[in-house]
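Participant: Sharing a structure with you now.
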Amino acid sequence: MDFRYKRIVFLTGAGISAESGVRTFRDSSGLWENHKVEEVASPSGFQKDPVLVWKFYSLRRLQAAEAKPNKAHATLANLLHDLEKSHSKATLITQNVDTLHERAYGALPDKNFLDIHGTLSRSRCTKCSKVYSDRWAYFDATGKSVDIHADDLWSNASLTCLLTTPKRNANGIPLSPCCTEQLRPDIVWFGERPQGVEKAVEELTRCDLFVAIGTSGNVQPASNFAAVARKAGAHTVCINLESPENAGAFHEHLLGTAGDKLPEFLKKI
Ligand code: APR
């Protein structure tokens with residue numbers, strides 16, 4: 001199979017997971033599950049109350065494990081498999097932490113997969129930054145200290161996997177096997193640098209097609225990616241329910257759900 005485009009970059013956001021019922025963290029009043037964003041998603045919030053943060057992310061892990069990849073994830077995963085057998089190259093950049101791309105793909109599209117906001121299925125040592133595959137929920141929905149293996153989350157074969165629940169401190173915070181220091185979710189919090197941005201920019205400046213799916217275009221750095229690709233000469237396409245904030249950066253707008261519009265668009269390439 002051959003494709004019209006030779007280097008394709010896909011960027012996805014919360015909208016691609018909407019049809020899987022993944023709840024977006026942020027509601028209109030700026031609260032996440034009744035917590036201020038900075039309480040549960042910032043380094044200072046973790047320093048102040050790591051138990052609250054782990055309760056919050058334990059719930060996120062349980063909800064993500066229940067969600068299933070939808071038609072848009074499956075369409076994209078099939079395309080990535082087809083592209084691997086062709087002369088074209090694709091890179092998938094996601095802002096989502098829900099592991100649904102990996103689960104739809106059936107493996108980790110490692111080299112060409114950038115989860116720039118981290119993922120729910122990894123933890124990181126707060127001392128040495130060693131990263132682990134971690135599918136445990138350490139607290140249940142009522143805030144009770146438990147050990148639930150959120151089985152359906154993706155595990156990364158190239159990382160040490162916390163197959164048995166790690167040691168915990170007196171407050172129930174999981175401790176890293178490497179340094180016996182607190183583990184934190186490997187999620188990019190407010191005020192932190194997204195992961196893999198240099199590699200993302202490298203791909204953006206070399207691509208001939210850029211497709212953004214289900215992202216509102218108001219969170220940096222991803223909101224800039226379309227402009228970077230366009231400036232480098234790529235055709236830029238946006239698939240979204242509504243016009244995004246960075247609409248001017250796109251040549252083509254396909255308004256509708258990702259499940260409908262993505263398969264339609266891919267037929268054309
Ligand atoms: N199909 C396509 N697009 C959809 C669908 C759907 N079924 N449902 C919603 N959308 C669109 C919305 O119209 C919106 O423009 O998806 C976009 C989602 O926007 P956001 O919720 O802002 O998500 P995202 O752009 O991924 O946010 C970026 O912000 O909250 C932080 O770190 C978090 O990664 C997230 C980042």
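What follows draws every value from the coordinates through simple rules; no lab data is involved. Because the structure is a prediction, the values reported are computed rather than measured. With ideal geometry, Cβ positions are generated from the backbone for all residues, glycine too; neighbour counts draw on all protein chains shown.
Participant: I'd like the Karplus ³J(HN,Hα) series for segment 138-149: coefficients 6.51, -1.76, 1.60, θ = phi - 60°, whole numbers in Hz, and an x wherever there's a Gly or Pro.
Facilitator: 8, 9, 8, 4, 8, x, 6, 6, 9, 10, 10, 7
Participant: What whole-number volume per residue, in cubic angstrom, does the convex hull of the C-alpha atoms of the chain give? Don't skip to the end; give the middle numbers.
Facilitator: Numbers: hull volume 32.3 nm³, N = 269.
Residue-normalised Cα hull volume stands at 120 Å³.
Participant: Enumerate the amide H contacts of residue 91 below 5 Å, restricted to partners 5 or more residues apart or on another chain; note that Pro and chain-start residues carry no placed amide H.
Facilitator: For residue 91, whose amide H was placed from the backbone, the distant partners under 5 Å are 8, 9, 10.
Participant: Give the residue list of chymotrypsin sites (Phe, Trp or Tyr not before Pro) in segment 1-103 that are DSSP loop and have at most 16 other beta-carbon atoms within 10 angstrom. It would help to have the intermediate numbers written out before the result.
Facilitator: Values: sites: 3, 5, 10, 25, 32, 46, 54, 56, 57; in loops: 3, 5, 25.
Passing both the DSSP loop test and the Cβ count: 25.
Participant: Then there is this: Mind putting a number on the dipole of the chain about its Cα centre? Charges go on the C-beta only, +1 for Lys and Arg and -1 for Asp and Glu, and I need it in Debye to the nearest 20.
Facilitator: Details: 33 positive and 31 negative charges, 93 e Å.
So the magnitude is around 440 debye.
Participant: Say a paramagnetic label sat at a point 7 Å from the Cα of residue 268, along Cα to Cβ; which residues of segment 228-245 have their backbone N under 19 Å from it?
Facilitator: Residues 229-231, 233-244 qualify, since their backbone N sits under 19 Å from the label point.
Participant: Give, rounded to the nearest 20 debye, the magnitude of the charge dipole that segment 132-253 has about its Cα centre when Lys and Arg contribute +1 at Cβ and Asp and Glu contribute -1 at Cβ. The partial results should precede the final answer.
Facilitator: Numbers: 10 positive and 15 negative charges, 56 e Å.
Charge dipole, segment 132-253, about its Cα centre: 260 debye, nearest 20.
Participant: Among the aspartates and glutamates, which fall within straight-line cross-link reach of residue 85, defined as a Cα-Cα distance under 20 Å, with same-chain neighbours fewer than 8 residues apart omitted?
Facilitator: 2, 102, 110, 203, 208
Participant: Something else: Find the lysine pairs in segment 110-269 meeting two conditions, Cα atoms under 25 Å apart and a separation of 8 or more places or different chains, and report how many there are.
Facilitator: Going through segment 110-269 pair by pair, I get 10.
Participant: If a paramagnetic tag sat 7 Å from the Cα of residue 111 along the Cα-Cβ line, which residues of segment 60-96 would have the backbone N under 20 Å from that point?
Facilitator: 77-94
Participant: For residue 219 and residue 192 in the same chain, what is the full-extension length gain: residue separation times 0.36 nm, less their Cα-Cα distance, in nm?
Facilitator: Details: separation 27, 0.36 × 27 = 9.72 nm, distance 1.29 nm.
This chain segment gains 8.4 nm when fully extended.
Participant: Using the Karplus equation 6.51 cos²θ - 1.76 cosθ + 1.60 (θ = phi - 60°), what ³J(HN,Hα) coupling, rounded to whole Hz, does each residue of segment 243-256 give in order, writing x for Gly and Pro?
Facilitator: 5, x, 5, 9, 3, x, 7, 10, 6, 10, 10, 10, 8, x
Participant: Given 221, 88, 69, which one lies farthest toward the positive end of the charge dipole of the chain, if we put +1 on the Cβ of every Lys and Arg and -1 on the Cβ of every Asp and Glu?
Facilitator: Going by the Cα projections, it comes out as 88.
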